[in-house]
Every structure is written in C-alpha cells, then in structure tokens.
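These notes are about the structure you will find just below.
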Amino acid sequence: MNSPAKPRYLTKSRFKIAVECPTKLYYTGKPTIYPDAKQEDDFLMALAEGGFQVGELAKLMYPGGVEVSAKTHQAQIDETTRLLERDEVTIFEGAIADDGLFARVDVLRKTGSQVELIEVKAKSFDSTVQNSFRGARGGIDSGMRPYLQDVAFQRHVMSLAYPNLQVRSFLMLADKSKTCSVDGLNQRFKIRRQDGRPVVTVAPGTDAGAVGAPVLTAVNVDEFVDEILREPLSVPGANGLLADLAQDWAERYRTDRLIPPTVGAHCAKCEFHTTSPSAGLQSGLHECWKIAKGWSESDFATGSVLDLWNFKGKQKLIDAGVLRLDKVTREHLKYKEGIEGLSRSERQWMQASGRWPGDTGFYLDTALMRRQMASWIFPLHFIDF
Ligand code: SF4
C-alpha cells in the first residue's frame, strides 16, 4: 500500500525563504532538479551556528518538560494538542498547524489559558544594553529582524490554531553579559551526523545543575512581534500583511505552483543557482531570468550584472535594463583610477570588459605586491581560526 503523500506545509524555514524571495518556494526541497547551495552541507552549517546545542541547553532550563517525539506531522500535531489539554505543561518541539501553515515551537509553556512561546537561537546579545533590538533610527534592527519574523510567524500560527489561548512571545538568546560558571559546557553537547542530519547527544548526567548558572536569557519580544504582524511586509514582488502573505504562500506551496519571479539584485545571493546546469539538474536562477527577462543560455554565458564584484549599484542597473556584463560601461561603474594599486572600479571594469593588463588568465600587480612585502616585519605568525 502506498504511504500517504507528505503534506506540503509552509513551515518556519519555508516562510523564511519566502521572505527572502517568494519564488524560491517552488525550487526548495527538489534537490534532484534544483540544487540548493545552502543545503549542500547543513551539517557543517549546524556546527558553525551551534543552534542545536543551544536548543538542548535551553531544555535543561525547564525540568519536567515533555518532548514531542512523534514522527509524522499529523502525529506531532495530535500529540501537542493532547499535551495542551493539560492545565499546566511545558512542551519541547510542540507542533502547531492551521490551514497549510505549520511550526515546531522550541518551547511552549502553558499555565491555564496563558502560553509562553519561546524560540531559542544561538545568536548572542547583551541583556544589559537597552534597546538592543532597535537600530539607530528606531526601527527593528536588521540583524534581529529575521529572528523576530520567525517568532511572529509562529505566533500567527498559534493564534489561528488556538484562538482561545493568550500567547506571549520570547526569544531565548546567548547572553554576553552572563559568565559561564562551569568548565567544558560545550563538551556536554556533542553534535554528530545521522542519516545526513545533525543530531545532538547530551552527555550522561547532564542536568540543570551540571550546566551551572544560565547563560541563556529569554527576552519578551511581543512589542516587535506586534509591530511585524501589524505593518506590511515588503518582499521581492509583494507587499502585504504577514498573515495574508503566509496564507498565499502556503496555498502556492501546497499546490506546487511557481510564484512569478521578480528578479533583482537579491538574485545575486540566490541559493538555487547552478552555473552549469547538467545531468538533469536545473538552475532556478536561470529559469527566473528566462521568465522575467526573456534571457537565453547565451545571455548567461556572457555573464550578468549579478556577477559584478563588490558593486552596490546592481539594482539600479537592472532597473535601467542593463542586465548583461558586456553592456556595463565605465560610466555605470563611475570609473576612477586608483592611486596605489587598483581602484574598485578598475577591478570591476576589468571584469565587465574582460580585459586586463598582460592578457594572461589573471592580473597581479607585481610591483605593488613587492612594495607591500618589503614593509612586512618578520617573523610572521599565521593563525587559522
Ligand atoms: S533567482 Fe531571484 S527571483 Fe528567482 S528564486 Fe532566486 S532570488 Fe528569487
């Protein structure tokens, strides 16, 4: 008997990539058709970010918490629903869903009709600094915005799934103002690869006492979440309330329909970009530019303005219809010769024109290099982090 098809939910991570560009939803999760550069080594990424270890550390702060361990989405939702029938409960990885939206919440703490929704992140902050979530002009800090949007998405799903519960939202972060009171804390949370996925093993005997004074702090972020839910969200090709956009994206993702691409400078960072589509693999970026700009493979062969090194004016060029590298002029680059070595625009012009001194496969300013090396004071120490 065939197993039922996996439901196509708009999850937290899919919501996040849709905020970057809604068209990405069509390419995500199809590695045999559209390779995803961000997924190529999620184990190394997990190691670098430390998010999994911090998640385990956070659980120790809530002894008696119950982990939702069911395998399928529906079983996870059912298990969470049953747990939330209790008057008081702390749930780890609770699953909430409504009309195509789905989220696993790191920590849910229920007391009567009040719920604390806690998202745990490895990101650090300093709890002694006032207004650390706001930028200089009073808006939400751009570095914090993705984390707060993530919480806003979860609170939106929670309010749809459990309209009778009052939800308060928190971000739990690594607090730089706290001092770790035990040695070898990181050694208690070992990350390993299992079936290609990162899994954390917690050393035996690790409990709240063993990890010392908390180095994580839960910050109430209702003010920011309210603001995000209230104000229109601007993403490539769309502008609207999070609730409306999420509903639209959920439906498009469920039915696997491509959201017409709005290409722009943001495409330079697109993870669905393969430079040489082959062996049945396709480049999402190529498809987008073919649809939106009528490009052909020969246009890609000449290079696009997306490839321009260290150039902040890509969007302006795209808006002006300058898409191919060979259409870029010195004026576009505000060409200026450097005084000592190459200027940025000289370097960019070499790339756009495809010409550089010596006509070899590379350019090295040997004279400048020698002058720089002459100023070095030996011995030198090479330190690799
Ligand atoms: S190429 Fe651009 S428009 Fe297409 S999915 Fe990537 S970022 Fe979005």
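The values are calculated or read from the model by the stated rules, or taken from the named source; none is laboratory data. Everything numeric here is computed off the predicted structure, so don't read it as measured data. Counting neighbours? That spans all protein chains shown, and the Cβs are built from the backbone with ideal geometry, glycine included.
Considering only region 14-23, state which residues are surrounded by 16 or more Cβ atoms within 10 Å (Cβ to Cβ) and over 12 Å from Gly237 (Cα atoms).
Looking only at region 14-23, we keep the residues that are surrounded by 16 or more Cβ atoms within 10 Å (Cβ to Cβ), and these are 14-15, 17-19, 21-23.
Answer for region 14-23, where residues must be surrounded by 16 or more Cβ atoms within 10 Å (Cβ to Cβ) and over 12 Å from Gly237 (Cα atoms): Arg14, Phe15, Ile17.
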Test Asp207 against the criterion of being assigned to a loop (DSSP other than H, G, I, E, B), more than 24 Å from Ala292 (Cα to Cα) and touching a residue at least 60 places away in the same chain (Cβ under 8 Å), and give yes or no.
yes
Output the residues belonging to region 210-245 that are closer than 24 Å to Ser127 by Cβ and either touching a His at 6+ places or on another chain (Cβ under 9 Å) or part of a helix (DSSP H, G or I) (or both).
Asp222, Glu223, Phe224, Val225, Asp226, Glu227, Ile228
Kindly indicate whether any position in region 309-319 is surrounded by fewer than 18 Cβ atoms within 10 Å (Cβ to Cβ), more than 23 Å from the chain's Cα centre (by Cα), polar (S, T, N, Q) and not in a loop (DSSP other than H, G, I, E, B).
no
Unmet requirement for Glu116, which otherwise passes all of (1) among the acidic types (Asp, Glu); (2) buried (at least 21 other Cβ atoms within 10 Å of the Cβ); (3) over 16 Å from Leu229 (Cβ atoms):
(2)
Inspect all residues belonging to region 265-280 and state whether any of them is touching a helix residue (DSSP H, G or I) at 6+ places or on another chain (Cβ under 9 Å) and more than 14 Å from the ligand (Cβ to nearest atom).
no
Among the residues of region 151-168, how many are assigned to a helix (DSSP H, G or I) and out of contact with any strand residue (DSSP E or B) (no Cβ under 7 Å at 6 or more places or on another chain)?
2
(1) in contact with a helix residue (DSSP H, G or I) (Cβ under 7 Å, 6 or more places away or on another chain); (2) free of Cβ contacts under 8 Å to residues at least 24 places away in the same chain: which one isn't true of Arg192, the others all being true?
(1)
Is there a residue in region 25-34 that is loosely packed, with under 13 Cβ neighbours inside 10 Å, modelled with pLDDT under 95 and within 16 Å of the ligand (Cβ to nearest atom)?
yes
Quick one: in region 281-300, which of the residues that are part of a helix (DSSP H, G or I) and within 10 Å of the ligand (Cβ to nearest atom) is farthest from Lys30 (Cα to Cα)?
Ala292
Within the group Asp248, Asp256, Asp183, which residue is in a helix (DSSP H, G or I) and more than 20 Å from the chain's Cα centre (by Cα)?
Asp248
Among Gln39, Gln130, which is over 20 Å from Val221 (Cα atoms) and either under 22 Å from the mean Cα position of the chain (by Cα) or free of Cβ contacts under 8 Å to residues at least 40 places away in the same chain (or both)?
Gln39
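In the set Asp307, Asp319, which member is in contact with a helix residue (DSSP H, G or I) (Cβ under 8 Å, 6 or more places away or on another chain), away from the ligand (no atom under 11 Å from the Cβ), acidic (Asp, Glu) and in the same structural domain as Ala352 (by TED's automatic domain parsing)?
Going through Asp307, Asp319 in turn, the sole match is Asp307.
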